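Quick note: the coordinates plus some simple rules give every number you see, no bench work behind them. Here the structure is a predicted model, which means the values were calculated and not measured. Reconstructed Cβ throughout: ideal geometry from the backbone, glycine too, with neighbour counts over all protein chains shown.
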Amino acid sequence: MMVRPTDNQARLAATLRQSIMRLNRSLRRARPISELTPSQLSALTSLDLAGALTPRELADTERVQPPTMTKVIAKLEELGLVQRTPHPTDGRQVILATTETARSLLGDNQRARDAWLAERLAELTADEREALSKAAELLERIARS
């Protein structure tokens, strides 16, 4: 049975969505300048989190068509950020994995965004940071449901 949200819950949902989107944009701007597009960086991050994927699995994860992912993979491979290995059971396929260079680049991006956010958090009061700590736990719970 679906529960209908109240007007207050709907307003809160809209406010949270807008705030999260603005924060996400700010975090993207805080990353170091690189030649990677947002879609290339997203694919690289997904691949790094998964450990290894086929090109089709990566396309599915990123919710793009395989031909689009083929172009993204080609650029990442050209930059030395992705390596291909033969699939262990299907000779027609390959497995993609991030390189050490990619993991270093992703680490640099994460540290830059974390530093930007830490600076913003330092501007808040201790009570505000505590409230955000609790909110982060709730947002994580919502994201996992």
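Per-structure values
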{"item": "Principal-axis tilt of helix 66-78 within the chain, Cα atoms, nearest 10 degrees", "result": "80"}
{"item": "For the chain, projected area of the alpha-carbon convex hull averaged over all directions, nm²", "result": "12.3"}
{"item": "Magnitude of the charge dipole, the chain, Cβ model with Lys/Arg +1 and Asp/Glu -1, debye to 20", "result": "460"}
{"item": "Signed unit charges on C-beta, dipole axis of the chain, positive-most listed residue Ala118, Leu47, Ala135", "result": "Ala135"}
{"item": "For Ala52, distant residues with modelled amide H under 5 Å away", "result": "none"}
{"item": "Relative contact order [Cα under 8 Å, 6+ residues apart], the stretch 35-144, whole percent", "result": "22"}
{"item": "Angle between the chain longest axis and helix 7-30 axis [Cα atoms, degrees, rounded to 10]", "result": "50"}
{"item": "Principal-axis tilt of helix 38-50 within the chain, Cα atoms, nearest 10 degrees", "result": "80"}
{"item": "Relative exposure of Glu123, Glu57, judged by other C-beta atoms within 10 Å (fewest first)", "result": "Glu123, Glu57"}
